[in-house]
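J.: One structure, pasted below without further comment.
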Amino acid sequence: MAVQGAAVLVATALTLTGILGFVPGVTANLGEISWAGPQSGAALFGSVTVSVAANALHILVGLCGFALARTYAAARAYLLGGGLIYFALGCYGFAVDYGRHVLPLNSAANWLHVVAGAVMVLLAVTLAGQHDPTRRRHLRVRRAAAR
């Protein structure tokens, strides 16, 4: 249950991040937002460069998180897989020169992706101990043997 709750919280944060990327006032220079690419002039909270595609992707990943949070295994896979992807995206942003990719990444976005990815992986690994997928089976076996 803890992994599923964490997946819902992460999904909420990602969905809100994507939505806020389209809100004037929260996103500076919203009129300069581009579909994709590093030339986007819009910045969430004035520091994290965003584009229409990046915002839509965050919303999509968040909605997937809500759907996958329904079961323990899917929620854990969402946190672990999504966390590794976000962590890799942040590392990619640090490794690539800022005008040489199609993503609107800057230093703030890179750090945000690295931290979000690390937190997601950490949640998937540490909260996994809260669920023993074999426990129910053992109880049923014991009850059946006792009869």
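J.: One residue is enough: does region 19-31 have a residue meeting the conditions at negative phi, at pLDDT below 90 and of a type outside the set (A, V, I, L, M, F, W, C)?
T.: Checking region 19-31: at least one residue is at negative phi, at pLDDT below 90 and of a type outside the set (A, V, I, L, M, F, W, C).
J.: Looking only at region 100-119, decide whether some residue is surrounded by 13 or more Cβ atoms within 10 Å (Cβ to Cβ), over 26 Å from A36 (Cβ atoms) and modelled with pLDDT of 95 or more.
T.: no
J.: Kindly establish whether L63 is farther than 20 Å from N106 by Cα, modelled with pLDDT of 95 or more, within 15 Å of the chain's Cα centre (by Cα) and loosely packed, with under 15 Cβ neighbours inside 10 Å.
T.: When the stated conditions are applied, L63 passes them.
J.: While we're on this one: Just one of A11, A28, A42, A54 is crowded, with 21+ Cβ neighbours inside 10 Å and more than 18 Å from A116 (Cβ to Cβ); which is it?
T.: A42
J.: Could you run through region 1-59 and say how many residues are among the aliphatic types (A, V, I, L, M) and part of a helix (DSSP H, G or I)? Steps first, answer last, please.
T.: Applying the first criterion (among the aliphatic types (A, V, I, L, M)) to region 1-59 yields 1-3, 6-11, 13-14, 16, 19-20, 23, 26, 28, 30, 33, 36, 42-44, 48, 50, 52-54, 56-57, 59.
Still in the running and part of a helix (DSSP H, G or I): 2-3, 6-11, 13-14, 16, 19-20, 30, 52-54, 56-57, 59.
Of the residues in region 1-59, 20 are among the aliphatic types (A, V, I, L, M) and part of a helix (DSSP H, G or I).
J.: Inspect all residues belonging to region 14-27 and state whether any of them is of a type in the set (A, V, I, L, M) and closer than 19 Å to A124 by Cα. Give the steps one after another, and end with the answer.
T.: Taking region 14-27 as the starting set, the residues that turn out to be of a type in the set (A, V, I, L, M) are 14, 16, 19-20, 23, 26.
Next, only the ones that are closer than 19 Å to A124 by Cα stay: 14.
Taking every residue of region 14-27 in turn, at least one turns out to be of a type in the set (A, V, I, L, M) and closer than 19 Å to A124 by Cα.
Every residue, every condition in (1) over 19 Å from M120 (Cβ atoms); (2) of a type in the set (A, V, I, L, M); (3) in contact with a His (Cβ under 7 Å, 6 or more places away or on another chain), yes or no:
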| site | (1), (2), (3) |
| --- | --- |
| T49 | yes, no, no |
| I59 | no, yes, no |
| A69 | no, yes, no |
| G81 | no, no, no |
| G90 | no, no, yes |
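J.: Would you pick out the residues in region 56-72 that are without any contact (Cβ under 8 Å) to a residue 40 or more places away in the chain and of a type in the set (G, A, S)?
T.: Matches in region 56-72: A56, A67.
The values are calculated or read from the model by the stated rules, or taken from the named source; none is laboratory data. The structure displayed is predicted, hence computed values, not measured ones. Glycine also receives a Cβ, built like all others from the backbone with ideal geometry; neighbour counts cover every protein chain displayed.
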